[in-house]
Structures are given as structure tokens and as C-alpha cells.
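Take a look at the structure set out below.
The values are calculated or read from the model by the stated rules, or taken from the named source; none is laboratory data. Predicted, not measured: the structure shown is a model, and the values here were computed from it. All Cβ positions, even for glycine, are placed from backbone atoms using ideal geometry, and neighbour counts span all protein chains on display.
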Amino acid sequence: MIALDDARALVFRSVGRLDEVTLPIAGLDGYVLAEDVTAAEDVPPFANTAVDGYAVRARDTAVAPTELVVVGELAAGAAPTHTVLPGTAVRIMTGAPIPPGADAVVMVEETERLDNGMRVRIRSSASAGDAVRAAGSDVATGVRVFDRGTVLNGPSLGVLASINRNEVSVFGRARVAVLSTGDELVTDGGALAPGQIRESNKTMLLPMVRTCGAEAVDLGVVVDDELLLETVLRDAADDCDAIVTSGGVSMGDYDVVKAVLSRIAEMSWMQIAIKPAKPFAFGLLTNRSGRRVPVFGLPGNPVSSMVSFEVLARPAIRLMMGHSPEAADRRRIWAIADEGLRREPDGKTHLTRVFGAFGADGRLHVRTTGPQGSHQLAAAAQADGLAVLPDGRGVLPGGDVEVFLLS
């Protein structure tokens, strides 16, 4: 057996980043920037008001309360048409440009309209700059706003729009083929014959691929036919950036997946010192254009398949899409095992499925989701963490345990 860290290192150093592409910013949430982004213009582009109120000369409000003549109104999107002279004010709406002559804004709550709005009483003094957002106070021309490697989200896309960067260079989004194989798998909802089971791994893995930020490509269920499976895999390698299969990776198994991949790809068939998900396969399949496409062979038991994807395939796929090693992986946190997490020594690290909640002490508190068998997906389905239990007898009640956060 090999350690989980060694298996992860082998996989991670074997996957390369996808090509950089320049795309419109619409829809780029979740993509990773492949360039530094520098602002070519100020945000905001002009001084404007942060509140509804009255644009004034601060010196005219030094002795409050005081009354000023209202010489006009200014809404957001309009250009100033009046200059604020001594003893005057302009009624102004949030976001409107500061009119010439004004150096402060008094919020409407500190004012009183007089003479049908022709005059205004200012109840409190203002200082120069009050409620004024200076040009470039959010982003100044020439400032680097994002570094290469930044993961784009809604707010960052808004920043790009605000500085007129409507296209940026990003790392490509991986297309990941997912397939199940086996004559025993039933997908049509019919009655099960002896030896048959319902297909579930592919159904589980497709949304897991999407959740990690990649595009999932459903290749369906492939029957146990070597020629057919080879064709499906080679076509997938031509069309996709990675391939995920499940089943047929255990030691001693004769399986069509193992037979075909051993022949057409450079594969490593591993026994990892973890439970569940001990068997795992990884390799590179050279496609018809010479590109080497990663292949992740996950175990067939559903919980093993889930765990194997989380700790091996998911971070590798995210590395391909430009994420840093830290961002590619699930976040880890030290938690408290309220009820303890028991296990027996067996030479393996156990990845126990747990529920977690933060307590009044600010610490994450976890408890097991229930049965931990590698076939018991129902008990694992709502887990929000994987507790890492080194070889030994587990964690006593109230003890500390490291947890991979799944959400």
C-alpha cells in the first residue's frame, strides 16, 4: 500500500494546466484568471455623492442651523447644470456628480425643506468631503485589481465590468467525461434480474464534477465489451480533458475497464492506505492528436467512489483549471469529536463521514453520519465532512480531529 499523500502527489504532478483562453466576462464565475488585471480608468470616474441630500459649501454650514437657497436638483446619470455659490445648495441624489463649487453633501435626514423646496434648512454642520466619493476612490487608474490565479466570482466580475474589461484571459474549464461500465447495471427502471444492480455511481459523480467547477460530460453506461469500451474511451480522450470511470480497479479483479486501460493507457493501479477507497487507478491516455488525457479510475463501491473523487480526482481537476494547490483542495479544519470517533488499527487512515456544526465556542463539532460501510451511500449522502483518523483506535469523546470540509 502507498500513503494517501504519496498517491495525491503522483496524481497532482501528472496533470497539467489547461490552455489559456480569452473570453467575455459574462458567465466566467468560477474560472481562474490567467493574467494580472490593471485598471485603465478610475472607479468612480467622477466625484459623486454617497447619499441623498444637498450639495453645499461646507463653510456655509459652519454655524448650524442655517438656511440656504436651493438653485437646482441633480439626479444620478445627469450632468451638473448649476454651480454652488455662497449661500446656495443643490438637491442631489445618490450617485450624482458633485456640482462645481460644492465640497460636501448634507444627508436629507439632517435637512428641512422650506418654501416648497425653494430653500432648505441645514440642521448640522458639514466638513469638506462629507458624503463625497472621490474619483478613483474604489479603483484608481494603473492599480492592479486582480492577480493571475484569482478565482472569479460575481463581485469580481462586477469590478471587471466597472473598469471596462469586458474580456479577460482565463484557464479553460475542464470537460470531464464520466462513464459507468458493466452488464449488471440497470438504468431503465425495470425489475432487477439476479445479479443486477441499479446504476448509481455515474449519477452521483456527474454533479460532483459540476460542483468542482468543471463541465460534466455524461457518456452513459457501457456494456462489458472491450472493443466498444476502447472506442468510447478514445473518443472521450479526443473530446474531453479528463475521464472518470468507476469500478474494476481492485487487486485481482478481471474487469473490462482494467483490461482496456492497461492496454491503451499508461496506468498506475494503486492500493492506497485509506478506508474507504483503498483501490484507485490513475493514468494518461494519449488521444489521436497526441494530447495526454488524465484518467481517474475510482472504486466501484459508491462510498469509496465518492471519497476517492473528493481526495484525488477533484483537486487534480481543479489544478488543471488553474487553481492553486490550496484552492484546489477541500478546506481542512481541526474539529471536536463530541461523541468520539472509534476505529481499530489496520494500517490505514480512515476517512469517516461526519456531520458538523459550529458551537458557541467557535469550534466545529462533528459526529458520525452513521454506518461507515463502503457500500452504504445513504448514510454518507448528507455528510459535510470527512474526518481523518490516523491508524490507531480513533478519537476519544471531546478530542480533536482533522476534517476535510465537503461544503
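The test for being within 24 Å of the chain's Cα centre (by Cα), of a type in the set (A, V, I, L, M, F, W, C), surrounded by 18 or more Cβ atoms within 10 Å (Cβ to Cβ) and assigned to a helix (DSSP H, G or I) holds for residue 309.
Note on the range 49-68: among residues that are surrounded by 22 or more Cβ atoms within 10 Å (Cβ to Cβ) and assigned to a strand (DSSP E or B), the one that is nearest to the chain's Cα centre (by Cα) is 49. When residue 106 is tested against (1) free of Cβ contacts under 8 Å to residues at least 12 places away in the same chain; (2) touching a strand residue (DSSP E or B) at 6+ places or on another chain (Cβ under 7 Å), only condition (1) is not met. Checked against the criteria, residue 395 does not count as under 15 Å from residue 331 (Cβ atoms) and either touching a residue at least 24 places away in the same chain (Cβ under 8 Å) or surrounded by 14 or more Cβ atoms within 10 Å (Cβ to Cβ) (or both). Kindly list, by first and then second residue, each pair from a residue in the range 208-237 that is closer than 19 Å to residue 291 by Cα and modelled with pLDDT of 95 or more to a residue that is surrounded by 16 or more Cβ atoms within 10 Å (Cβ to Cβ) and among the polar types (S, T, N, Q), limited to pairs with Cβ atoms under 6 Å and residues at least 6 apart or on different chains. Listed by first residue and then by second, the contacts come to 237/287.
At least 1 residues being surrounded by fewer than 14 Cβ atoms within 10 Å (Cβ to Cβ) and outside the structural domain of residue 39 (by TED's automatic domain parsing) is the threshold, and among the strands (runs of 3 or more DSSP E) wholly inside the range 70-180 those reaching it are 111-114. The residues on offer are 345, 325, and the sole one that is under 16 Å from the mean Cα position of the chain (by Cα), farther than 27 Å from residue 180 by Cβ and surrounded by fewer than 22 Cβ atoms within 10 Å (Cβ to Cβ) is 325. If only residues of the range 329-374 that are aliphatic (A, V, I, L, M) and free of Cβ contacts under 8 Å to residues at least 60 places away in the same chain are counted, the one that is farthest from residue 273 (Cα to Cα) is 360. One residue stands out in the range 227-286 among those that are under 20 Å from residue 16 (Cα atoms) and of a type in the set (Gly, Ala, Ser): the one that is farthest from the chain's Cα centre (by Cα), namely 265. Screening residue 190 with (1) in contact with a strand residue (DSSP E or B) (Cβ under 9 Å, 6 or more places away or on another chain); (2) at pLDDT below 95; (3) more than 14 Å from residue 298 (Cβ to Cβ) gives one miss only, at (1). Can you find a residue that is modelled with pLDDT of 95 or more, over 24 Å from the mean Cα position of the chain (by Cα) and of a type in the set (A, V, I, L, M, F, W, C) anywhere in the range 287-305? Scanning the range 287-305, I find no residue that is modelled with pLDDT of 95 or more, over 24 Å from the mean Cα position of the chain (by Cα) and of a type in the set (A, V, I, L, M, F, W, C), so the answer is no.
Evaluate the range 130-145: report whether one residue or more is under 30 Å from residue 35 (Cβ atoms) and among the acidic types (Asp, Glu). Yes, the range 130-145 has at least one match.
When the range 312-353 is filtered for residues that are within 30 Å of residue 35 (Cβ to Cβ) and of a type in the set (Gly, Ala, Ser), the ones remaining, listed by number, are 313, 316, 322, 324, 327, 328. Would you check if there is a residue in the range 130-149 being at pLDDT 95 or above and within 26 Å of residue 296 (Cα to Cα)? Checked the range 130-149: at least one residue is at pLDDT 95 or above and within 26 Å of residue 296 (Cα to Cα). On the given criteria, is residue 143 of a type outside the set (Gly, Ala, Ser) and closer than 20 Å to residue 15 by Cβ? In short, no. Screening residue 378 on (1) among the small types (Gly, Ala, Ser); (2) buried (at least 18 other Cβ atoms within 10 Å of the Cβ); (3) farther than 15 Å from residue 403 by Cβ shows it passes everything except condition (2). Filtering the range 90-137 to residues that are under 41 Å from the mean Cα position of the chain (by Cα) and among the basic types (Lys, Arg) leaves only 133.
Output the residue which, of all residues in the range 328-342 that are out of contact with any helix residue (DSSP H, G or I) (no Cβ under 6 Å at 6 or more places or on another chain) and under 23 Å from residue 149 (Cα atoms), is surrounded by the fewest Cβ atoms within 10 Å (Cβ to Cβ). Looking at residues that are out of contact with any helix residue (DSSP H, G or I) (no Cβ under 6 Å at 6 or more places or on another chain) and under 23 Å from residue 149 (Cα atoms), I get 331. You will find that of 397, 371, the residue that is assigned by TED's automatic domain parsing to the domain that holds residue 348, modelled with pLDDT under 90 and part of a loop (DSSP other than H, G, I, E, B) is 371 and no other.
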